[in-house]
Amino acid sequence: MRFPMDPETIAVAGLAHYRDRMANSASEPAFRLVGLRKHFPGPLGLGRHEVLHGIDLSLERGRMLGLVGPNGSGKSTLLRILAGIERASAGELRVLGGSPERADVRRRLGFLPEVSPFPEELSARSALDLLGSLQGLSRADRRERVPAMLARVGLADVGRRTLGRFSKGMLRRFGLAQAFLHEPELILLDEPTAGLDAVGVGVLQELRGEALARGAAVVVSSHIFSDVFDPADELCVLIEGRVAAAGEPERLVADGSRVRLELENAGPEAVERIERAAAEAGAKVVSRGPGAGALLELYRRLGDAS
Amino acid sequence: MHTGLALLALRRTLPRGFLFFALAVLAVAALRDWGVSAVVLDAVGDDASARAFARQGVWLLLGVFLLPALVLRAGGTIPRWRRTDSDWLASRAVGHGTVVLSTFAGIWAAGAALILAGAVCAEIAAGGSPPAWRLVRTLEHPALVLFDEDEARCALADLADVPRGARLRLRPTVLPGAGPSADVEFRVRAGGASSTASARLAGRTSIELPLELDGADAAELELRRVAPGAIVVLPRGSASLLTPAASERQATLGMAARVLLLVGAWVALALGLGAWVQGPIAAALVLCAWLFPWFWNAAPQWFPGGDLFLAAIVVGDGLVPAPLSASTLAGFLACVGGGLLLATRGLASWRSAP
């Protein structure tokens, strides 16, 4: 299979690629958690620190779940348990039809950690090759995919540079590359936009869209609501280790009184008219600023001009 | 085993700065004039002594300056995984056993590279490799003393497996008596054969005699004073059995094999203990486990590297140390297996705090 492919090819070839692999497990959700608990030992091994208190959650394949919550709400721990890094203290956990402690399940997972702790001694190319081989990619596949994925995330020119000399943003892009390299069936992204520039966010959206198109499930955690609200099919709000709310994003905010409206081709006059209309409807515009893709659009305009 | 992980461990064990330091230490060892040590310590200063001191000195420098660093790195490996690497390592499709085994192989390979460099330096420093003698074993016998007596003798037993061309090395010494030195004749008799050597003794020295057994499995050793002089003492355990070795280079091979097994056992145990206690504590525990038997010469034969200091003394005497026994190899495998099992079990939890 040629890599990278255009979205249309991915939609067809990607689904064909997955058809066999998922034939026997199509009815299984990407993951299912029932009463999941996690605690860590307290200082000096005395007592215990409860992080997750009985989480019930599931996600179907081909859908995206947004995991939101304040700092310390247990989002990262939940993702680490799904990724097989942590062991749950209690409860039922099924990921891709099995336990994430099994290597054959982890082979079908992609994980972007919150920080970027990749081996800093290795060049981006060697590190991506190592991580791909640890996910079971053959040498031939790696030879084809590694340079293509580095180009995809905009790191082709610095492929020989060691990760220790990468900026934070470059490391996040590398993190995206390793999470999507082996075309996983479940992709877990912990705060993926933290440290990413506008171009990087664009790459993330593309990779995420392609993964969903080929039938993979995606979980994105963020403490920024707007990062996950638009693209997510489902939202889960975690507060102090408990699911405070879960469901479709529109339904979750239906009762809310604060909404974000993003306009295209909106000049100052159009914005003023909308503000007036809002006021007439009894609402108040409390902030006004560039939309999510505005910076990327600016880069493109400046690039074309130069 | 995963080659990529092993190479990463190798690279992390030998970062550029440490590699430069190691090469500098070995270069100094290779270029040093070891003949000076031979004159100061042995009062002989011939080429054979200089070669022996060169080989011994290079191995001691390697042991003191470089090998403990490997243990420290091995001990800190799993704590480092827990601190930073678990996020990319633990979510991969490889089992804990593979991760641990590959990492052990990488660190051990780094040790092997240092040992190989040390062996090359030892041979450069020695500068020559004529035929040599290999120490087979030390023979049991009572102490012999020529005080007022003119002669003393004892039996040397357990010589059934002695090959042809073997020699007996004696290490007598003198105490001031009727003069500062003593003229002594040494004779070994076995079956119908005998061999004799005479020497004027004025300190601790070595006497070598051909050992012709003529089919016998025991021999009689006799010391005879030729003229009045100092008191002569042949302490217990100062008779050794030697066989011919093709070259002195085998002394380096004997040391390299011992150090390789020792480093393998150290690395595996430090890796394993590092999964349960802090890295420096793991390294210290492993090193202490070897220091006690070394200090008291109490290491059992299966203990990998337990006879390292004795072997270094043998090399310093210009001899080739005895080959490694099967029990040492078994002990090495047991240490490695135990260490890797400890590490794998310790990785059941990659993180112990939120």
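The values are calculated or read from the model by the stated rules, or taken from the named source; none is laboratory data. From a predicted model like this one, the values you see are computed outputs, not experimental measurements. Counting neighbours? That spans all protein chains shown, and the Cβs are built from the backbone with ideal geometry, glycine included. For accessibility, only protein heavy atoms count, side chains too; no ligands or nucleic acids. Shrake-Rupley method; radii C 1.70, N 1.55, O 1.52, S 1.80 Å.
Checking each residue of region B:8-21 against the condition of being open to solvent by less than 40 Å² (accessible area, probe 1.4 Å), away from chain A (no Cβ under 14 Å) and in contact with a helix residue (DSSP H, G or I) (Cβ under 8 Å, 6 or more places away or on another chain) gives no match. Pairs are defined by a Cβ separation below 6 Å, a sequence spacing of at least 6 or placement on different chains, a first member in region A:213-227 that is within 18 Å of residue A:180 (Cβ to Cβ), and a second member that is among the hydrophobic types (A, V, I, L, M, F, W, C) and in a loop (DSSP other than H, G, I, E, B); the pairs so defined are A:217/A:30. The residue that is farthest from residue B:15 (Cα to Cα), among those in region A:118-165 that are open to solvent by less than 20 Å² (accessible area, probe 1.4 Å), at the interface with another protein chain (Cβ under 9 Å from one of its Cβ atoms) and assigned to a loop (DSSP other than H, G, I, E, B), is A:135. If you go through region B:34-59 and keep only what is among the aliphatic types (A, V, I, L, M) and modelled with pLDDT under 70, you end up with B:36, B:38, B:39, B:40, B:41, B:43, B:44. For region B:1-105, the helices (runs of 4 or more DSSP H) that sit wholly inside it and include 2 or more residues that are among the basic types (Lys, Arg) are B:3-13, B:47-61.
Let's see how each residue does on (1) surrounded by 17 or more Cβ atoms within 10 Å (Cβ to Cβ); (2) within 11 Å of another protein chain (Cβ to nearest Cβ); (3) not hydroxyl-bearing (Ser, Thr, Tyr):
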position: A:65; (1), (2), (3): yes, no, yes
position: A:68; (1), (2), (3): yes, no, yes
position: A:73; (1), (2), (3): yes, no, no
position: A:85; (1), (2), (3): yes, yes, yes
position: A:88; (1), (2), (3): yes, no, yes
position: A:93; (1), (2), (3): yes, no, yes
position: A:98; (1), (2), (3): no, no, yes
position: A:106; (1), (2), (3): yes, yes, yes
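Residues that are buried (at least 20 other Cβ atoms within 10 Å of the Cβ) and within 20 Å of the chain's Cα centre (by Cα) do not occur anywhere in region B:88-96.
Inspect all residues belonging to region A:222-229 and state whether any of them is hydroxyl-bearing (Ser, Thr, Tyr), within 26 Å of residue A:299 (Cα to Cα) and open to solvent by 40 Å² or more (accessible area, probe 1.4 Å). Checked region A:222-229: at least one residue is hydroxyl-bearing (Ser, Thr, Tyr), within 26 Å of residue A:299 (Cα to Cα) and open to solvent by 40 Å² or more (accessible area, probe 1.4 Å).
Taking region B:246-354 and the helices (runs of 4 or more DSSP H) fully enclosed by it, the elements with 2 or more residues that are closer than 30 Å to residue B:84 by Cα and free of Cβ contacts under 8 Å to residues at least 40 places away in the same chain are at B:279-295. For residue B:143, the requirement of being among the small types (Gly, Ala, Ser) and within 14 Å of chain A (Cβ to nearest Cβ) is not met. Residue check: is residue B:188 touching a residue at least 24 places away in the same chain (Cβ under 8 Å), outside any loop (DSSP other than H, G, I, E, B) and surrounded by 17 or more Cβ atoms within 10 Å (Cβ to Cβ)? Yes; evaluated as a whole, the condition is true for this residue.
Every test in (1) more than 8 Å from chain B (Cβ to nearest Cβ); (2) outside any loop (DSSP other than H, G, I, E, B); (3) touching a residue at least 24 places away in the same chain (Cβ under 8 Å); (4) in contact with a helix residue (DSSP H, G or I) (Cβ under 7 Å, 6 or more places away or on another chain) is passed by residue A:51 save one, and that test is (1). Checked against (1) over 24 Å from residue A:200 (Cβ atoms); (2) assigned to a helix (DSSP H, G or I), residue A:282 meets all criteria but (2).
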